[in-house]
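A short write-up of the structure that comes next.
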Amino acid sequence: MDVQRPPVSSSAPGGLAARVGGRALRAVEQLAGGLGTALLALAVLAAGLLAAPACGVGAGLLVVPGLLRAVRSVADRERARLGRWGDPVLGPGPLPAGVRPALADPAVRRELRWLTGHATAGLLLGALGVLLPLYAVQYLTYPLWWRALGEGDVAPSPGFWSVTGWPATPPPGCCSVREGCCCRCTPSST
């Protein structure tokens, strides 16, 4: 299914803001899709790591063809996802028959390397890409809801100060633009 977006004109009212907001929304959408395939890759990687010790005894060899098909399936999903956003990504073709020829195939080995990277670094980057905009909204709106917190409740803030009144509430909102670190501050009701 091809995703078509209408072009945003910079001469339209709010054109630049709409164009930047549209690009940001598409970037988050792409990261969320990558996060989905990274979760699938993590599940296949975990299954592979569980089957690896059993292969030493010979019992895991029965599971290897299914794991290789699962790796190919996850890689094909990622190729299809990337093809929706740009040029189509061609697959390497069918899996070779048999475990030994399949593991000797350069395309299968490349997909196994990709799977480990996508399941680890891709999962981390996808989660950060989805969560950072949510944290930015939380920090920007912090001055509006900090009084609703009870005594001793901990609220997110990128600083080490206690919020005791309105003059102290803007720093978390101002610091949310850079999203440098996530620390905590405790609102007090004095």
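The values are calculated or read from the model by the stated rules, or taken from the named source; none is laboratory data. Since the structure is predicted, the reported quantities are computational estimates derived from the model, not experimental observations. Because the Cβ atoms are built from the backbone with ideal geometry, glycine has one as well, and the counts that use them run over all protein chains shown.
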Exercise. Restricting the search to the range 67-84, which residues are of a type outside the set (D, E, K, R) and more than 17 Å from Arg109 (Cα to Cα)?
Worked result: Ala80, Leu82, Gly83
Exercise. If you go through the range 119-146, how many residues are touching a helix residue (DSSP H, G or I) at 6+ places or on another chain (Cβ under 6 Å), without any contact (Cβ under 8 Å) to a residue 60 or more places away in the chain and buried (at least 17 other Cβ atoms within 10 Å of the Cβ)?
Worked result: 3
Problem set entry | Odd one out for Pro101, checked against (1) free of Cβ contacts under 8 Å to residues at least 40 places away in the same chain; (2) surrounded by 13 or more Cβ atoms within 10 Å (Cβ to Cβ) | (2)
Seminar exercise, completed: Among (1) touching a Leu at 6+ places or on another chain (Cβ under 7 Å); (2) free of Cβ contacts under 8 Å to residues at least 40 places away in the same chain; (3) among the hydroxyl-bearing types (Ser, Thr, Tyr), Thr116 falls short only on (2)
For this session: Only residues that are of a type in the set (A, V, I, L, M) and closer than 30 Å to Ala27 by Cβ: list them for the range 60-108, please.
Result: Ala70, Val71, Val74, Ala75, Ala80, Leu82, Val89, Leu90, Ala107
Problem set entry | Residue within the range 27-46 that is β-branched (Val, Ile, Thr), part of a helix (DSSP H, G or I) and at pLDDT 90 or above present | yes
Problem set entry | Single unsatisfied condition, Ala46 versus (1) within 22 Å of the chain's Cα centre (by Cα); (2) more than 15 Å from Thr120 (Cα to Cα); (3) surrounded by fewer than 13 Cβ atoms within 10 Å (Cβ to Cβ) | (2)
